[in-house]
Structure formats: structure tokens, C-alpha cells
1. Within the range 88-101, can one find any residue that is in contact with a Pro (Cβ under 6 Å, 6 or more places away or on another chain) and either farther than 16 Å from T143 by Cα or not in a helix (DSSP H, G or I) (or both)?
2. Open to solvent by 30 Å² or more (accessible area, probe 1.4 Å) and β-branched (V, I, T): does that describe V76?
3. Quick one: which strands (runs of 3 or more DSSP E) lie wholly within the range 1-84 and hold at least 2 residues that are in contact (Cβ under 8 Å) with a residue 24 or more places away in the chain and under 20 Å from the mean Cα position of the chain (by Cα)?
4. Give the residues of the range 56-70 that are farther than 21 Å from K150 by Cβ and open to solvent by less than 30 Å² (accessible area, probe 1.4 Å), sorted by residue number.
5. If you check every pair at least six apart or on different chains, which have Cβ atoms under 7 Å apart with a residue in the range 116-144 that is among the basic types (K, R) first and a residue that is surrounded by 13 or more Cβ atoms within 10 Å (Cβ to Cβ) and assigned to a helix (DSSP H, G or I) second?
6. Residues in the range 143-175 that are under 17 Å from the mean Cα position of the chain (by Cα), open to solvent by 20 Å² or more (accessible area, probe 1.4 Å) and modelled with pLDDT of 95 or more: how many?
7. Could you pull out the residue among H109, H86 that is open to solvent by 40 Å² or more (accessible area, probe 1.4 Å) and under 17 Å from L144 (Cα atoms)?
Amino acid sequence: MAAQWEAEAVAWLDGSEQRRREQLHTAMQKREFALCRSVLRHLLCCRLGCLNGQLTFGRQSQGKPFAIVKGAAHPVAFNVSHSGQHGLVALAQGGSLGVDVEERRQRVHREGIAARMFAPEERAALSRLPEEQQLFTFYRFWTLREAVGKALGCGLAWAPAAFVLPQTIRCGAASDIVTLNSPPRTRWWVQDMGTACFAAAVSCKYDSSAPVDG
């Protein structure tokens, strides 16, 4: 049954997507890509009222994709993430959107990743936790930061100093507003969507017309 679902998913992909899939190294990576990408295509077709063969994608200057139907660009925002057996697809009517999902793997270089990617306040909050809580919170911070970075179009490559997860989030709140430290000091809403099985988060632009103090 799994092989049949994967074959059906691959059939949804266009030529460029199938080439991207073939460039992946493992069978699992190829399966994850095909399943998540086909779900994205299905959801976009339903939202935009088009056939799969009428849907293509372009890329903005920072690399974020956008939907094209019959040669016309559509403002619908979307983002995809997958990790192991888990996938996450989100759509919004315009704006910028980012999502991330991660399996909580024990064997991960947490200290090195946190040193490169987390703000000092986040590393300090993580270090104060009991050891048995650190893995859960590490992935929580990771997905929240990654969701903001993907909404911005840069993922975790965004410098740790660019923003800090607010204290409410660091203390366990499910959602709040992140403000970029560098001009333009835009606001981004973040939401923790994690469960006991996986970490996940979504972020989107928040109140872009309002001035930011400071």
C-alpha cells in the first residue's frame, strides 16, 4: 500500500519536481518529498480551483516559491516541511508563511546547533532546564526559529542575533510575536504546534502596517 501511495504521489509531480526528487540521496528522502509535494499540489488545486496540470511554480528574488495557474501568479502563500514520518503543509491568503516540523531525535548535536543558531537568551533558558526536558525544548526552539526564518525566506541561516524568541515563548507559551532586531523591524506571529511525537511550528507576518517601537 505504501508503494502504491508513493507512486500516486510521484504522478502528481511535474517534470522539474521529479528531477529534484531523483537528485535526493535516499529512498526515504524521495518518498518524503513526493508525498509532501503532492499534498501541497492537491491543496493548492482545491484552493485555486485548477487542475494539477495547470499549476506551476515560480520563485521570488529571495527564493520563496509562488503558485502560477495558466501563466498568472496567485497571491496564496504556502510552505512545506517534512521530517521522518511527519509532514506539515500550510496555506494562507497572501503574505509570508513559514512552517517547520522535526522528529525529536536523541542523536543530534544539540550544543553545536544551539551555539550557531540560537540567541543567547534562548541558550540560557535551555541550559537552566533539567536534562530530561532539554531535548523537548531544544526542538521546540528549533522549529519556532526555523518557521520564522522560512517565512522570511532564509531558514536557520538567519543570524541568531536577528531576533530572540520572546520570554513568554521561552517560558512555555504556545504563541506570541517575534520582532526583528534589524530594520525594517517587522513583527512575526509564531505558534508552537508540537506534540509528544514531534516538534512543529508556524509563523506569518503580523500587523505589517503598525510601527514598531524602539
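1. Taking every residue of the range 88-101 in turn, at least one turns out to be in contact with a Pro (Cβ under 6 Å, 6 or more places away or on another chain) and either farther than 16 Å from T143 by Cα or not in a helix (DSSP H, G or I) (or both).
2. For V76, the condition - open to solvent by 30 Å² or more (accessible area, probe 1.4 Å) and β-branched (V, I, T) - is not met.
3. Correct list: 77-83.
4. Once the filter is applied, which keeps residues that are farther than 21 Å from K150 by Cβ and open to solvent by less than 30 Å² (accessible area, probe 1.4 Å), the range 56-70 yields only V69.
5. R123/A114
6. 2
7. Values: H109 fails: under 17 Å from L144 (Cα atoms).
On inspection, the qualifying residue turns out to be H86.
The values are calculated or read from the model by the stated rules, or taken from the named source; none is laboratory data. Treat the numbers as computed from the prediction; the structure is a model and nothing was measured. Positions of Cβ are backbone-derived with ideal geometry, glycine not excepted, and every protein chain shown enters the neighbour counts. To get the accessible areas, we keep the full protein, side chains included, count just its heavy atoms, and leave off ligands, DNA and RNA. Shrake-Rupley method; radii C 1.70, N 1.55, O 1.52, S 1.80 Å.
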